[in-house]
Each structure stands twice: as structure tokens, then as C-alpha cells.
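Enquirer: First, the structure itself, so that you have it in front of you.
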Amino acid sequence: MVAPRVYLPERAEDVGRWLRGELPSEVVKEGRARTVWRAGDRPPRLYVKRFPPELFRDRARAEARMLQALARAGIPCPRLVATARDRRGSYVMTEEVAGAAVLREALERGGPEARRLVEALGGLVRRLQEAGFEHQDLHVGNVLARDGALYVMDVHRAARRSRLTEARRIANAAFAAMSFLDLRPRSDVARFLRAAGFSGHGTWRRVWTRLRKELFRYYAGRTERCVEGGRGFGVRDGIYHRSDADVAAIEAWVRSGPMEPVKVEGTRGLYRSAQGLFLKRMRRGRAARYWRAAHGLAVRGLGTPRLLACGPTWVAGEWVDAPDLHAFVRERGAGLGRRERDALLVRLARDLHRMHARGVFHGDLKATNVLVRGGDFLFVDLDAVRFREELTERERILNLAQLNASLAPPLTRTDRVRFLRAYGGPCASIRRDERRWTREVMRITAARRHRWPPPGGSS
């Protein structure tokens, strides 16, 4: 171990104790990029981050220099305690911000405080940019909150520029906004942008366009983990699988295990096992696409049965014992009161709106391809799922028409109109064109003529 460099003399004893293994500690994060320990028996504790050894750079020293620069600029951040180095890598030690919570956790709790924290995040972005700092990974998981104040952390990638271009400022703000998009309403994105110093509809449109690009790239990167052996996944002998899956047992069942046919069409088929698994056979080349699509839905927070493994012509996953939406409506719809029926339609509409807002187009979105499990909806038959940066109006209307055409009585015309209104929700452009959207959905519905069962009741 190279002798540590201590920047906070009053913590020198704790630094020495940790290096000698005398200070109680626990691993709080471990991955290929770094390992993080929390050390100490009383607050404020130490956070020790170890980066793997690299030939031409020292990320621990880079983070230490950036923490010093931020502190000199008056931007709140954890206090730098020490740096060190040994054959296993380089270390940076910081002092715990006692009583602080990760900003994402604070936003998840909601309430008026969450709105104030979103505005505070915008103010932090503005201060960073005005001082020339580019964090390059600023999201709500890399910010701490305490008593309304925010502290920036994980700055080993950060840089300081003499001037940030408008494009870079927009890109950084869009990345930060993307990280709380699933936690807060769109009105809070506007509050964030105002606090970050962005004004004018033209600028806001550029930020939103960049946000969509960042979001699409983020989702695409996380989706690829399922075929690249990223965190939680593996690849063995051409089989993609989850790390916790018993691949040998699944392969044995696929080859020769007892199966109960659920639906079989030629070489394609859906089967289930007594152990709670399902197997879906399909043409070569489609299985990997299906595997990607399922994980793509999952990373976007959309419901779908959990897949465990994928071979050249099959995928296997956890069987979900739930009726499809068509069967649910046909068998239980008449027994639902007005309030229960409206609640069902609103939940379905919001799930579909969220799916579209996150760039997902399901090319075969009919009621038999949606499972109803409690208050949740799970999308299945993912062969025709495609991911876009932004869906066109035509794709949205087509999905609405597909679903509408596949739902039979006892759903009435009034139910369908209420569903379409709930789909529009707070979106001003859809509300403005609600009548045109409704007419087009109904026109395509009539043209498709594929209700299950055949028409015969009210619609």
C-alpha cells in the first residue's frame, strides 16, 4: 500500500484504522467498475471507493481533484478525506453526509417536499453549469438530499470546462431530467428546467428532444445486458439466461421433460410444466428478438412474464396463472360496478399510454395478448414488439384500435370512449384532438372486424 494522502487531518486515525482492517466496514456496492465500503462505528462514517488499477489514469485521484474543485466553487459535495493506492487499485475516501438520503429515494416518497427537491435539482444543475462543471453522470441516484439541500457525488467522470456550449448544457439537463421522469409529473420537468435556467418554448423543445434521445439510448443499453452477459444475466453454450436460473434443469425440460400443451400452431407452441414454467417455441431467429423484447419492457417498467432462458428456437419463463383481458371482460365484466369498471379502464389506459410514452409499439396488441393479474396488466406474445425513440400518432392510434376491436361485450360504447379519454390523460395534444382520434380509432376498429366472440351484443 502506498502511504495514503490525508486531506482531512481530524479523520487521519480512522483512515489508518481502515487500512489496517481495524475499522468496522460493510460493502454497499460492488461491480466491475468499483467497490464501495461504508466504514466506521459512529456517524459521520467514511465511504471508501476502490477503482481497479489502470495504466494511464487514476480515477480515485481524479475524483479527489474534482471534489476539491467543487468545494472551492461552493457547490455542496461530500468532504474529501484521503486517497490511497495498492496493487488492487486506487482508493478515494469521503466523509458521510450524515442524515442525507439519496435523492431518488426522497422523490419516491412524494409530497410537497419532492416538488421542492426537483426545483433544487434544477438549481444545482444551473450552479454546476455556470461554474463550468460537467458531471457527465448526473442523475437522482448520484445526488444526496438533506434538509432541502442537495449534495453532488460520484464525480470521477466529471470535468471542468472554460465554457459549456448550449448543446452540452441541454444534453446534461436532459440526462438529469430523464432520471426522475418516472417519479414525477411532467409539470415538475417544467419546474426543473426553469430552475436550471432554461426558458422559452424553443429551448424546452430542444431539451425534450434530447431527453427522448437520452432515454432511448439508456433503455437500449440496459436491454442489451440480457444478451451481453451484463449484471443479472449470463450466456452459456449459446443459451441466454438470468443469473439465478437453473439453466441445466431448463434445458433438460426443453429437450425431454413432460409438457402440457396450451396452444400449438405448427412448429410454434406454448407449453407449461407442473413446476410453474412455460416454454414458447418459435422459428429460429425470433427467440432472441422475443428475449430482448421482454427485457426491454421490463427495463421500461412495463409488465410482462419473467423470462429465465432463451435458446435458438425457444424461450422459457415463469408461468403466470391469470386470465387474458378478453376472458376477464367476458366472464367478469358484467359483474363489475360502474366504479370498478372505470378503475379497470383507467389502469389499462394509463399502462398503454406509459408504454407508448416509453417508445414501445406492440404490433399485435389485442385483448388476448394482455394478462390481468390483480390490478396489473402483463403484455405477452412479444414477437411484434418494436422499440422507437418516439411513436408516431399512427402507431398509437393503431394500437388503440387493435385493443378496442378485440374487446367484446359487456363493454359498451361509453366504456370505450371513457377508455380513450383516460388514455389521453394530461396530454394536451391528444385532448385537443380527442374527437379526431376517437373517430379514427372507431373507423379502424370497424374495418378490422375481429371481435372475440363474434359480434352479437351491444358495443
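Each reported figure results from applying straightforward, stated rules to the coordinates on display, with no laboratory input. Computed from a prediction, not measured in an experiment: that's the story for all the values here. A quick note on method: Cβ atoms are made from the backbone with ideal geometry, for glycine too, and the neighbour counts reach across all protein chains shown.
Enquirer: Starting from the Cα of Arg225, step 7 Å along the direction of its Cβ; do the same at Val262; then give the gap between the two resulting points in nm.
Expert: 2.6
Enquirer: Could you state, as a whole-number percent, how many of the C-alpha pairs of segment 101-226 are farther apart than 21 Å?
Expert: Numbers: 2831 of 7875 pairs.
That fraction is 36 percent.
Enquirer: Right, here's the next one. Over the Cα atoms of segment 259-348, each weighted equally, I'd like the Debye log10 I(q)/I(0) at q = 0.15, 0.22, 0.23, 0.25 Å⁻¹, rounded to two decimals.
Expert: -0.72, -1.09, -1.13, -1.21
Enquirer: How many angstrom lie between the C-alpha centres of segment 397-449 and segment 1-34?
Expert: 60
Enquirer: With a cap of 16 neighbouring Cβ atoms within 10 Å, and only residues DSSP puts in a loop, list the chymotrypsin sites (Phe, Trp or Tyr not before Pro) found in segment 40-140. Before the final figure, lay out each step's value.
Expert: On the way: sites: Tyr47, Phe56, Tyr91, Phe133; in loops: Phe56.
Of the chymotrypsin sites (Phe, Trp or Tyr not before Pro), the ones in loops of segment 40-140 whose Cβ has at most 16 other Cβ atoms within 10 Å are Phe56.
Enquirer: To continue, here is another question. Based on the alpha carbon coordinates of segment 207-270, what radius of gyration and maximum Cα-Cα distance (Dmax) apply, in Å?
Expert: 17.6, 54
Enquirer: What Rg and what Dmax come out for segment 311-383 when only alpha-carbon atoms are used, in angstroms?
Expert: For segment 311-383, the Cα-based Rg and Dmax read 13.8, 47 Å.
Enquirer: Oh, and also: Mean separation of Cα pairs under 8 Å and 6+ residues apart, divided by the residue count of the chain: what relative contact order is that in percent?
Expert: 9
Enquirer: To continue, here is another question. Relative to the present Cα-Cα distance, how much length would full extension add between Arg338 and Val28 at 0.36 nm per residue of separation?
Expert: Working: separation 310, 0.36 × 310 = 111.60 nm, distance 4.87 nm.
Extra length available between Arg338 and Val28 comes to 106.7 nm.
Enquirer: If you stretched the chain out fully between Arg79 and Glu393, how much longer would it get, using 0.36 nm times the residue separation minus the C-alpha to C-alpha distance?
Expert: Working it through step by step, the gained length comes to 108.0 nm.
Enquirer: Taking just the alpha carbons, could you work out the radius of gyration and Dmax for the chain, both in angstroms?
Expert: Considering the chain through its Cα atoms, Rg and Dmax are 26.3, 84 Å.
Enquirer: Can you tell me the dipole magnitude for segment 232-318 around its Cα centre, using point charges on the Cβ only (Lys, Arg +1; Asp, Glu -1), in Debye to the nearest 20?
Expert: Working: 15 positive and 7 negative charges, 95 e Å.
Charge dipole, segment 232-318, about its Cα centre: 460 debye, nearest 20.
Enquirer: Right, next: Compute the helix-to-body angle for 201-228: its Cα long axis versus the longest principal axis of the chain, expressed 0 to 90° and rounded to tens.
Expert: 80
Enquirer: Which number gives the lysine pairs in the chain that have C-alpha atoms under 19 Å apart and are eight or more places apart or on different chains?
Expert: Details: Lys29/Lys49; Lys263/Lys280; Lys263/Lys366; Lys280/Lys366.
So the count of such lysine pairs works out to 4.
Enquirer: Helix 112-130 against the longest principal axis of the chain: what's the angle in degrees, Cα atoms only, rounded to the nearest 10?
Expert: 60
Enquirer: Within segment 346-368, list the residues whose amide N lies under 12 Å from a label point set 7 Å along Cα→Cβ of Asp182.
Expert: Answer for this model: 355, 358.
Enquirer: Next question. DSSP loop (so not H, G, I, E, B), at most 14 other Cβ within 10 Å: list which GluC sites (Glu not before Pro) in segment 125-220 pass both filters. Please report the intermediate quantities before stating the final value.
Expert: Numbers: sites: Glu130, Glu134, Glu166, Glu214; in loops: none.
In loop regions of segment 125-220 (DSSP not H, G, I, E or B), there are no sparsely surrounded GluC sites (Glu not before Pro).
Enquirer: Rounded to the nearest 10 degrees, what's the angle between the helix 186-195 long axis and the longest principal axis of the chain, both from Cα atoms, 0 to 90?
Expert: Here the helix axis deviates by roughly 30 degrees.
Enquirer: Please say if segment 43-180 is rounded, prolate or oblate, where rounded means a/c under 1.5 for a ≥ b ≥ c the square roots of the C-alpha gyration tensor eigenvalues, and otherwise the choice is prolate for a/b larger than b/c and oblate otherwise? Walk me through the numbers on the way to the answer.
Expert: On the way: a/c = 1.99, a/b = 1.30, b/c = 1.53.
Oblate shape, in that a/c is at least 1.5 and b/c is the bigger or equal ratio.
Enquirer: Now a separate question. State the extension gain, in nm to one decimal, for the chain segment bounded by Arg217 and Thr203, taking 0.36 nm per residue of separation less the distance between their alpha-carbons. If you can, show how the numbers build up before the last one.
Expert: On the way: separation 14, 0.36 × 14 = 5.04 nm, distance 2.12 nm.
Extra length available between Arg217 and Thr203 comes to 2.9 nm.
Enquirer: Can you pull out the trypsin sites (Lys or Arg not before Pro) in segment 122-185 whose DSSP state is coil and whose Cβ has at most 12 other Cβ atoms within 10 Å?
Expert: Details: sites: Arg126, Arg127, Arg146, Arg157, Arg160, Arg161, Arg163, Arg168, Arg169; in loops: Arg157, Arg161, Arg163.
Those that pass, being in a loop and sparsely packed, are Arg161, Arg163.
Enquirer: Still on this model: Taking R0 as 35 Å, what FRET efficiency do you get between Phe56 and Ala274 from their Cβ-Cβ distance, rounded to the nearest 0.05?
Expert: Values: r = 56 Å, r/R0 = 1.61.
My answer for the efficiency is 0.05.
Enquirer: In addition: What is the percent of Cα-Cα separations in segment 2-95 that go past 16 Å?
Expert: Numbers: 2321 of 4371 pairs.
Here the tail beyond 16 Å accounts for 53 percent of pairs.
Enquirer: How many nm separate the modelled label positions at Arg284 and Arg87, each set 7 Å beyond the Cα in the direction of the Cβ?
Expert: Between Arg284 and Arg87, the simple spin-label model gives 4.9 nm.
Enquirer: Could I ask something else about it? Measuring from label point to label point, each 7 Å out along Cα→Cβ, what is the Ala190 to Arg431 span in nm?
Expert: Reported label-point gap for Ala190 and Arg431 is 1.0 nm.
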